[in-house]
Amino acid sequence: LLASFDNISEMGVRATLEMGVDVKEKDLVTGIIESELTKCKIKYSGKVVWLKTTEQGIQFGVKFDEELLLPDVFIARSMAAA
């Protein structure tokens, strides 16, 4: 599944999926976060900890199994968007 990430930290991420995609709290998820800005790929795994239906789709939060080491630019852009 392709999700758009709009808030990321070392401990977790908030993302949005299109309507109709089935995701539930406590689902285990794995994936790769890719950034055109940094040209890097970061693998992650974690658990869905909350869900919210919005006009844009299903918004959800994932708590990572292990703390990620993120490039500084990820953190700065995430903080600027908040």
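The values are calculated or read from the model by the stated rules, or taken from the named source; none is laboratory data. Note that the coordinates shown come from a computational prediction; the quantities given were computed from them, not determined experimentally. Every residue, glycine as well, gets a Cβ built from its backbone with ideal geometry; the counts of neighbours run over all protein chains shown. SASA here: full protein model, heavy atoms, side chains in, ligands and nucleic acids out. Shrake-Rupley method; radii C 1.70, N 1.55, O 1.52, S 1.80 Å.
Data table
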item: Filter result for residue 10 (open to solvent by 100 Å² or more (accessible area, probe 1.4 Å) and either modelled with pLDDT of 80 or more or more than 10 Å from the chain's Cα centre (by Cα) (or both)); result: no
item: Residue satisfying condition, being open to solvent by less than 100 Å² (accessible area, probe 1.4 Å), free of Cβ contacts under 8 Å to residues at least 24 places away in the same chain, in a strand (DSSP E or B) and not acidic (Asp, Glu), within set 32, 42; result: 32
item: Residue that is nearest to residue 69 (Cα to Cα) [pool: residues in region 13-29 that are open to solvent by 70 Å² or more (accessible area, probe 1.4 Å) and part of a strand (DSSP E or B)]; result: 14
item: Count - residues of region 10-29 that are at negative phi and free of Cβ contacts under 8 Å to residues at least 40 places away in the same chain; result: 9
item: Count of region 60-82 residues which are modelled with pLDDT of 85 or more and open to solvent by less than 30 Å² (accessible area, probe 1.4 Å); result: 5
item: Region 1-12, residues that are farther than 13 Å from residue 63 by Cα and not in a strand (DSSP E or B); result: 1, 2, 3
